[in-house]
């Protein structure tokens, strides 16, 4: 099967988005990079680098999950400095590649997230040092916390891990249901007909291969 890509472009201002300034260069770089592969979808974001709410990125990640595609961007430099962008890539669990740094894939993004986490720890350590210095000067700090156990933190970590896995499954189920509803809206309402339509669009079934009526029934039942 031909490798599939979903492109994500970002421009910083509305003016750049309207004029295509910077956008056309990104599109050209992506299309040359994936030459011969399938470009499933393209998504464009107009926003500042500090903005965490990125609907176009969410849509691109959704298409990656649905089509088992790889997210491709033209330039990594500014996006790599965004903790929000890195976090969303990790949570989505999709493959990732940047044209300007083709070896900077999902693993590299994880390293970047680790660096960002290390920087947060340094900030926290400086904060604790400042609090210790204040306490040494006689400043009264907060209240005493009883029953503080490391086991509680471990349990919360396990719960968080389970929540992340459940969130990924729910997001993918929601993506698939959205497509099923759209197909039903076009007048294709039988389970077999919906399965055939998904297969004609080359959308992979949950475990690969072709869709069946039973799989469609489970998707609809889960939503109901």
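The values are calculated or read from the model by the stated rules, or taken from the named source; none is laboratory data. In this text, all values refer to a predicted model and were calculated from it rather than measured experimentally. Quick reminder, even Gly has a Cβ in these numbers, built from the backbone with ideal geometry, and neighbours come from all protein chains shown.
Checking the stated criteria, residue 174 turns out not to satisfy the condition of being touching a helix residue (DSSP H, G or I) at 6+ places or on another chain (Cβ under 6 Å), surrounded by 11 or more Cβ atoms within 10 Å (Cβ to Cβ) and modelled with pLDDT of 80 or more. Within region 204-219, residues that are free of Cβ contacts under 8 Å to residues at least 24 places away in the same chain sit with their Cβ atoms under 7 Å from residues that are exposed (fewer than 15 other Cβ atoms within 10 Å of the Cβ), at 6+ positions apart or across chains, in these pairs: 213/192; 215/206. Screening residue 15 against (1) assigned to a helix (DSSP H, G or I); (2) at pLDDT 90 or above leaves a single unmet condition, (2). If you go through region 74-129 and keep only what is at pLDDT below 80, assigned to a loop (DSSP other than H, G, I, E, B) and either under 18 Å from residue 56 (Cβ atoms) or touching a helix residue (DSSP H, G or I) at 6+ places or on another chain (Cβ under 7 Å) (or both), you end up with 76, 82, 93.
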